[in-house]
Structure formats: C-alpha cells, structure tokens
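See structure below.
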Amino acid sequence: MSGYSLAPFVLRRPWLANMLMPAANWYANAAGYKKLGLRYDDLAEEERESTQIALKRLSPKESYDRIYRIRRSVQCSYQHKLLPKDQWTKPEEDTPYLRDIINQVEAELAEKDALDSMTVTKRH
C-alpha cells in the first residue's frame, strides 16, 4: 500500500485528470474486483504486519462488512460466476476505508523502529 503516487500531481491539474479519468475508470473495471462486490481496500495484503494491525482497528461494522464481501466473492469464485450487475460495487461505493489506517500504522511502526534503533553514547 505504501509507495509513491502520481495522484496528487494529476489531481492538481484538472486538464490532466480529465484526460486520464477514462483510462483510470477502464482499468478499475477491467481489474474485475467490482464485479465480485469487493472494494479496492479489500485487496490489501493481509500478511503484512501493518495491515493486520489496521484490520484490528476497524470498527466492528466495517470489519463485518469486509468479511462478508470477501466471503461472497470467494463463493462466486468457486462457482465461476459473477454477481448480478445490480450487486456490483459502484464507483461511489468504492471509497477507501483501510488505506488511511494502514498509512497511519506504517508511520507509527517507522517511528517505533527509529526510536528503537537509537544509540546512547556516554560523554567523557
């Protein structure tokens, strides 16, 4: 989840955002996760420590909804079917709910590592 993003650069330039938006929408639809009822943040790597901590910080309702979406998509995958079109994730529903928490956790872990690796030297 962490890394560099061109999004702030693109969003500051409306002409560039308008030019790239059709390609971005096409790519999001081609990824296929919306056809299984998933949101983008449902695809986060759960094996990472920061993601596991972030998942524990989710509200009970958001956690339940996430598990429901994942189980429903796994069931569709087993059956080699997609959800009916009216149950696909709509673009306005595909809002980030986990990304900000993961970024916060990664910042906390980086700060902890920085403080843990400090060395104390005695002055004579």
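The values are calculated or read from the model by the stated rules, or taken from the named source; none is laboratory data. Since we're looking at a predicted model, the values are computed, not measured. Here the Cβ positions follow ideal geometry from the backbone for every residue, glycine too, while neighbour counts run over all protein chains shown. Quick note on the areas: whole protein, heavy atoms, side chains included, nothing else; ligands and nucleic acids left out. Shrake-Rupley method; radii C 1.70, N 1.55, O 1.52, S 1.80 Å.
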So which of ILE101, ILE53, ILE70 is touching a residue at least 24 places away in the same chain (Cβ under 8 Å), aliphatic (A, V, I, L, M) and under 22 Å from SER5 (Cα atoms)? ILE101
With (1) under 23 Å from SER77 (Cβ atoms); (2) assigned to a loop (DSSP other than H, G, I, E, B) as the list, and TYR4 as the residue in question, which single condition is left unmet? (1)
Starting from segment 7-34, keep only residues that are among the small types (Gly, Ala, Ser), then list their pairs with residues that are open to solvent by 50 Å² or more (accessible area, probe 1.4 Å) whose Cβ atoms are within a distance under 6 Å, requiring at least 6 positions of separation or different chains. ALA17/LEU11
Could you look through segment 93-124, keep only residues that are in a loop (DSSP other than H, G, I, E, B), over 24 Å from LEU55 (Cβ atoms) and not basic (Lys, Arg), and pick out the one that is nearest to the chain's Cα centre (by Cα)? SER117
What residue, of LEU38, LEU6, LEU11, is among the aliphatic types (A, V, I, L, M) and either closer than 16 Å to ILE70 by Cβ or touching a strand residue (DSSP E or B) at 6+ places or on another chain (Cβ under 6 Å) (or both)? LEU38
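Inspect all residues belonging to segment 54-73 and state whether any of them is at pLDDT below 95 and of a type in the set (D, E, K, R).
Within segment 54-73 (the criterion being at pLDDT below 95 and of a type in the set (D, E, K, R)), the answer is no, since none of the residues qualifies.
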Is it fair to say PRO8 is surrounded by fewer than 11 Cβ atoms within 10 Å (Cβ to Cβ) and either closer than 20 Å to LEU98 by Cα or among the β-branched types (Val, Ile, Thr) (or both)? yes
Hits in segment 11-52 - residues which are at pLDDT 90 or above, open to solvent by 50 Å² or more (accessible area, probe 1.4 Å) and closer than 30 Å to LEU109 by Cβ: ARG12, TYR40, LEU43, GLU45, GLU46, GLU47, ARG48, GLU49, GLN52
